[in-house]
Amino acid sequence: MDIKNPTTKDNRRIIRQLSDAAANRIAAGEVVERPSSAIKELVENSIDAGASRIDISYSDGGKTLIRVKDNGHGIAENQLMLALSRHATSKIDGTDLLNIHTFGFRGEALPSMGAVGRLTITSRIENVSMGATITVDGGVIHQVRPAPSSIGTIVELRNLFHATPARLKFLRTDRAESGAISDVIKRLAMSEPFIGFTLRDITSGGKGRIIFRADPEAGDLFDAMYGRLSKILGIDFAKNSFRVDAERDGMTLTGYASLPTYSRGSSVSQYIFVNGRPVKDKSLLSALRAAYSDFLHNGRYPLAALFVECDFERVDVNVHPAKAEVRFREPGIVRGLVISALRHALAEEGHRASSTVADATLGAFKKSEISNISTNLRMNQSWSREMQNNNLDQVGFSELQNNFSARQASIETNNDQISNRLGAARAQVHENYIISQTADGIVIVDQHAAHERLVYEKLKNKMALNGVSSQTLLIPEIIELSEQDSAVLMDLSADLSRFGLSIENFGGNSIVVRETPAILGEVNAKSLILDILDELKDWSESNLIKEKLDAILSRVACHGSIRSGRIMKGEEMNALLREMEITPHSGQCNHGRPTYVKLKLSDIEKLFGRT
């Protein structure tokens, strides 16, 4: 073989040292995936530099220009050239790669960006009168030159990927890239509430259009966090969230999470941070889901911004080139912390229902509808007077009045119950909704949803103690199922018996139900079994048996709750209200829907123009 003139196939066997330019372009493929990746690296450098204000600008989705300006401590003139060298950093000394207190390495992202675009760094440190600038274009580094500059650093990256044009083909539309940039900045702004951020799109020239602005927050950490999350996730989230503050085995969890009644149809509004770093960690998101498993089903997701803090040695942030994923040394501890902290906080806030429910209710009462109601009332009053004046069937009319009076008499009217949180029951409408009067307004309760939560909590308590008592059916019920469904149920028969539900194989694909939970009273055994199977199918992707069993228990509770359409006596309604007041999580049903709506008298009066 002639080694001096190798064939293409033989050429692959030769080991060569890549040039710095080629190595930097390869590194750019890992670190600078798209414009938002470059901005993330640059803004994290600004945060590490101690900046209190960071201004970000871009053009054409970041493809033609990215500019990040900060007021941090800057880079000295004699350090600029070194900052563009690979494996050069001021953030670690290399002796301990796990004990990393900063976001990233200035000497990794910068040369990568310079290898695929036109990069200019202008910076000035304190106690010097003049700043300095350096440019690198497609991997070619130019000399450092003096440049006027305020204290801090300005990094400009123009024509991203012009040195590797094939990469441009994989970028998305300008709108999509702009959206990714906005998402990155908002995540970083959540984790740093004491830093001010401004994001501008200067595609059209001039000062550009401000896409996002968040001024530095004041106060303690939770006040600052609350203010920043209100800005990013909206004031409705702030009003309908609760504080999370817990510690376990040296790890802490802080942040805010939404009430179950304030949820979304996707998980896009779930933000997790580890030691200030925004991450997308599947195990932490799974723990968040598990914490809400008692409250949200059928594709509903809570909103949350949670911050995990721990010793840096207990988490590895270098398992992903862009540091989007982390690996915990003790994953069970952090999972337990997230679940226990959220469930404890949910228990304390369980009586709250989302304020947006009341807002939506008030919004449903349009002025035109109120006007129609007033008109109908006047017409009814006129019809009543006319009926009496014309000597119509006064006996029939009196009978209506008497029936109404009798019905009202069945509603307890003790004023001492008005002072209770859910007030005193005054009426039942459409055989499903309880209307109660409070000291400052009214409450509308969904009797079925409310009682479903109460039964579920009772079942959980019984399960935790000695299991649920059963009642033997006089005539066992035989249910024919598919082969798969029969096998699934029989695999869980021992667990179901703890619910008070006793089933046995009856040959073939049939099962026989011999006992049902006593708390449910008379129950349709077949309907109960089919509901349990539906729940198991919804949770088929989960390997956590406890979460499955809790979900099944929720379905079981539905069969023991007060049904819609049942007429309730006054004492029954008030008993339900009192039990709701002392039962955890009674503000929402087992599926995350509100069990009641509370309307303030002042808001109701506004609807009728009384204020």
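What pairs come out if I take residues in region 71-100 that are in a loop (DSSP other than H, G, I, E, B) and β-branched (Val, Ile, Thr) and pair them with residues that are buried (at least 16 other Cβ atoms within 10 Å of the Cβ) and at pLDDT 95 or above whose C-beta lies under 8 Å away, six or more apart or interchain?
These pairs meet every condition: 75/121; 75/123; 75/125; 75/153.
Sort through 167, 187, 145 and tell me the only one that's of a type outside the set (Phe, Trp, Tyr) and in contact with a Gly (Cβ under 9 Å, 6 or more places away or on another chain). Quick ask: steps written out before the conclusion?
Numbers: 187 fails: in contact with a Gly (Cβ under 9 Å, 6 or more places away or on another chain); 145 fails: in contact with a Gly (Cβ under 9 Å, 6 or more places away or on another chain).
Only one candidate passes the filter, namely 167.
Among the residues of region 289-305, write down those that are surrounded by 22 or more Cβ atoms within 10 Å (Cβ to Cβ) and within 10 Å of the chain's Cα centre (by Cα).
302, 303, 304, 305
Which members of region 48-58 meet the condition of being at pLDDT 95 or above and either in contact with a Ser or Thr (Cβ under 6 Å, 6 or more places away or on another chain) or not in a loop (DSSP other than H, G, I, E, B) (or both)?
53, 54, 55, 56, 57, 58
Hey, could you check region 59-70 for residues that are assigned to a strand (DSSP E or B) and out of contact with any Pro (no Cβ under 7 Å at 6 or more places or on another chain) and say which is surrounded by the most Cβ atoms within 10 Å (Cβ to Cβ)?
70
In this structure, is residue 194 surrounded by 15 or more Cβ atoms within 10 Å (Cβ to Cβ), assigned by TED's automatic domain parsing to the domain that holds residue 46 and not in a helix (DSSP H, G or I)?
Considered against the rule, which asks whether it is surrounded by 15 or more Cβ atoms within 10 Å (Cβ to Cβ), assigned by TED's automatic domain parsing to the domain that holds residue 46 and not in a helix (DSSP H, G or I), residue 194 comes out as no.
For (1) over 24 Å from residue 75 (Cα atoms); (2) touching a Pro at 6+ places or on another chain (Cβ under 9 Å); (3) not hydrophobic (A, V, I, L, M, F, W, C); (4) not assigned by TED's automatic domain parsing to the domain that holds residue 55, each residue gets a yes or a no:
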position: 131; (1), (2), (3), (4): no, yes, yes, no
position: 137; (1), (2), (3), (4): no, no, yes, no
position: 157; (1), (2), (3), (4): no, yes, no, no
position: 177; (1), (2), (3), (4): yes, yes, yes, no
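Under 7 Å between Cβ atoms, at least 6 apart or on separate chains: pull out the pairs that start in region 341-354 with a residue that is outside the structural domain of residue 295 (by TED's automatic domain parsing) and modelled with pLDDT under 85 and end on any residue that is in a loop (DSSP other than H, G, I, E, B) and among the aromatic types (Phe, Trp, Tyr).
Here the result reads 354/262, each pair linking region 341-354 to a residue that is in a loop (DSSP other than H, G, I, E, B) and among the aromatic types (Phe, Trp, Tyr).
Pick out the one residue from 253, 284, 303 that is in contact with a Leu (Cβ under 6 Å, 6 or more places away or on another chain) and either without any contact (Cβ under 8 Å) to a residue 40 or more places away in the chain or on the phi < 0 side of the Ramachandran plot (or both).
Testing whether each residue is in contact with a Leu (Cβ under 6 Å, 6 or more places away or on another chain) and either without any contact (Cβ under 8 Å) to a residue 40 or more places away in the chain or on the phi < 0 side of the Ramachandran plot (or both) leaves just 253.
Mind checking which residues of region 164-185 are in contact with a strand residue (DSSP E or B) (Cβ under 8 Å, 6 or more places away or on another chain) and either surrounded by fewer than 20 Cβ atoms within 10 Å (Cβ to Cβ) or in a loop (DSSP other than H, G, I, E, B) (or both)?
182
Residue by residue, here is whether (1) hydrophobic (A, V, I, L, M, F, W, C); (2) part of a helix (DSSP H, G or I); (3) under 33 Å from the mean Cα position of the chain (by Cα); (4) closer than 18 Å to residue 558 by Cα holds:
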{"site": "445", "(1), (2), (3), (4)": "yes, no, yes, yes"}
{"site": "448", "(1), (2), (3), (4)": "no, yes, yes, yes"}
{"site": "454", "(1), (2), (3), (4)": "yes, yes, yes, yes"}
{"site": "459", "(1), (2), (3), (4)": "yes, yes, yes, yes"}
{"site": "463", "(1), (2), (3), (4)": "yes, yes, yes, yes"}
{"site": "478", "(1), (2), (3), (4)": "yes, no, no, no"}
{"site": "485", "(1), (2), (3), (4)": "no, yes, no, no"}
{"site": "488", "(1), (2), (3), (4)": "yes, yes, yes, no"}
{"site": "503", "(1), (2), (3), (4)": "yes, no, no, no"}
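For region 201-240, how many residues meet the condition of being in contact with a Gly (Cβ under 7 Å, 6 or more places away or on another chain) and surrounded by fewer than 19 Cβ atoms within 10 Å (Cβ to Cβ)?
3
The values are calculated or read from the model by the stated rules, or taken from the named source; none is laboratory data. This one's a predicted model, so the numbers in the text were calculated from it and none came from an experiment. Note that we place each Cβ from the backbone using ideal geometry, even for glycine, and neighbour counts take in every protein chain shown.
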